[in-house]
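Student: Structure below; questions to follow.
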Amino acid sequence: MGSGRSLGLALAGWLEAGSPGLDNGVALGNRLVDVLGADQSLAGPVRDLARRPLLRQALVGSGTARRAALTALVVDLRGTYAPAVLADLVELLEVGLGVGGLAPSEAAGGNGGGFGLADGLRSAGEPGTAAAGRVAVSAQLLQEQGPGVQAGGGAQPEALVSPAPSPADPQRAPLARRLPPLDWRNLGRDLRPLGPGLALGAAMALVLAWLAGVLDRELLAPRQWPAGLVLALTLAALQIATLPGPLRLLRRSALLDQEESAQPRLAWRWVSAPWLHRRNGEALLNVLLLLLILGPTPLALDQVVMRYTLTTLACLALAALAARRQGLRHQSWGGASGAVGALVGLAVGLSLLRWRVIGFAIGEITIPAWVLLVVVGSLQLAWILPRAHPGDPGRPGQRLLASPWWWGLMLGLGWAVVSWASVLVQGWLRHHPS
């Protein structure tokens, strides 16, 4: 369970993109089941939900009519499914159709004494589904004939149906609402949809490292090419190769997209995303930084490729998890920003902890690590914080948390603390051998 948010985000994306076939219950059910991936525990209820006429009415409606149809649908679902399944289905409807407050309210203390809108409809002197369906019809007539029309003997539908949330109201807009804090006990559940992509990415990291070792021994070692130079040139060559029209479209499809990151059939994007950048300016910046930081590295090419791939994969996973938890959409990631952030964070962290300047030389000039942090951080924030899509409901801080560069910086600072602490422990053990 716990897949309602990912299903809702997928549905919202299809609606915004105008995807065809959403009015076909069978086709919509199949698409939602594909989003579930390996977790098929919700497949049956999702297929049943997709075939219900009230859902199709909500998909084509808007405003009060959509809310009325969804309220009637939730009333019907409550009589069919257990609370755990119902919670996932309601979350799918709230996130996917942008209508909040569908979940029934509970009385204080959790004793079940209170009831929400759905319970009020059920207790209206007729079966709950019929009452809710009548409310949906009344709301539809109200929308078509004007606010002064009364339905069913004079009762205004507004008295039964709460108004739809306005996108301009951040307190009620469902996609921009504040989410509960991360529950570490459910971290495994949140990561499970990303499992196929992460597993494939980790396995391919081993393959790429092996290929890099073969290339290093057979071709690069006799010419004494530094591993950092080879990595930077590879990233630059791939970015340049995908500049023309058709290949540019290939680059876009190879990036990791938030709304499709949990689909097993697209798990290969976790392998391709670390090697391609969405922005050409970001690609140029990362290539220059890799040349500056890794240019003089003594590591072999297979070790550099392994560390680069795993670091980038970890940053992508953390960014995707943060975006899913915060309900962000239209997020797309790729490139070396996570690995570059980790390298800069490691250098800055060690510089602060050891209280000495750590820099990188360009000829006779040495650039301190803190200068790189200021320059790179300013450019990255200029790319990350602005809203990249009109439908993005997130705040700048949420978009920062959903960026691989931020997580790379945090991983680099964390690794600096671990390295510094290990040196202290080793020094203490040498002076206290007993």
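The values are calculated or read from the model by the stated rules, or taken from the named source; none is laboratory data. The structure displayed is predicted, hence computed values, not measured ones. Here the Cβ positions follow ideal geometry from the backbone for every residue, glycine too, while neighbour counts run over all protein chains shown. With ligands, DNA and RNA removed, areas are computed over all heavy atoms of the protein, side chains included. Shrake-Rupley method; radii C 1.70, N 1.55, O 1.52, S 1.80 Å.
Student: Taking the Cα centre of the range 311-400 as the origin, how large is its charge dipole in debye, to the nearest 20, when only Lys and Arg (+1) and Asp and Glu (-1) carry charge on their Cβ atoms?
Tutor: For the range 311-400, the charge dipole is close to 380 debye.
Student: Something else now. Taking the Cβ of A323 as the centre, find all other residues whose Cβ is under 10 Å away and add up their charges (Lys, Arg: +1; Asp, Glu: -1).
Tutor: Its environment carries a net charge of +3.
Student: Tell me whether the range 324-434 comes out rounded, prolate or oblate; compute the Cα gyration tensor, take square roots of the eigenvalues as a ≥ b ≥ c, and use a/c under 1.5 as the rounded threshold.
Tutor: oblate
Student: A further question follows. Please give the net charge around L424, taking every other residue with its beta carbon less than 13 angstrom from that of L424, where Lys and Arg add +1 and Asp and Glu add -1.
Tutor: Numbers: positive: R354, R430; negative: none.
Once all neighbours under 13 Å are counted, the net charge is +2.
Student: Now for a separate question. Note down the net charge around L401, summing +1 for each Lys or Arg and -1 for each Asp or Glu among other residues with Cβ under 13 Å from its Cβ.
Tutor: Net charge in that neighbourhood comes out at +4.
Student: Does the range 4-61 come out rounded, prolate or oblate by the C-alpha gyration tensor, with a ≥ b ≥ c the root eigenvalues, rounded set by a/c under 1.5 and, if not, prolate when a/b is larger than b/c and oblate if not? Before the final figure, lay out each step's value.
Tutor: Working: a/c = 1.86, a/b = 1.31, b/c = 1.42.
Oblate shape, in that a/c is at least 1.5 and b/c is the bigger or equal ratio.
Student: Which residue, A212, L231, L191, has the largest displacement toward the positive end of the dipole of the range 185-270 when charges sit on each Cβ (Lys, Arg +1; Asp, Glu -1)?
Tutor: L191
Student: List, largest first, the extents of the alpha carbons of the range 203-346 along their principal axes, each in whole Å.
Tutor: 49, 35, 28
Student: I'd like the accessible area for R387: 1.4 Å probe, protein heavy atoms, all chains in place, Å² to the nearest 10.
Tutor: Ignoring ligands and nucleic acids, R387 comes out at about 140 Å².
Student: Solvent-accessible area of R56, probe 1.4 Å, all protein chains present, reported in Å² to the nearest ten, please.
Tutor: The accessible area comes out at roughly 80 Å².
Student: How far is it, in nm, from the label point at R189 to the one at R52 when both lie 7 Å from their Cα along the line to the Cβ?
Tutor: 2.1
Student: Can you classify the range 195-278 as rounded, prolate or oblate using the Cα gyration tensor, where a ≥ b ≥ c are the square roots of its eigenvalues, rounded means a/c under 1.5, and otherwise it's prolate if a/b beats b/c and oblate if not?
Tutor: Oblate is the answer for the range 195-278, as a/c is 1.5 or above yet b/c matches or exceeds a/b.
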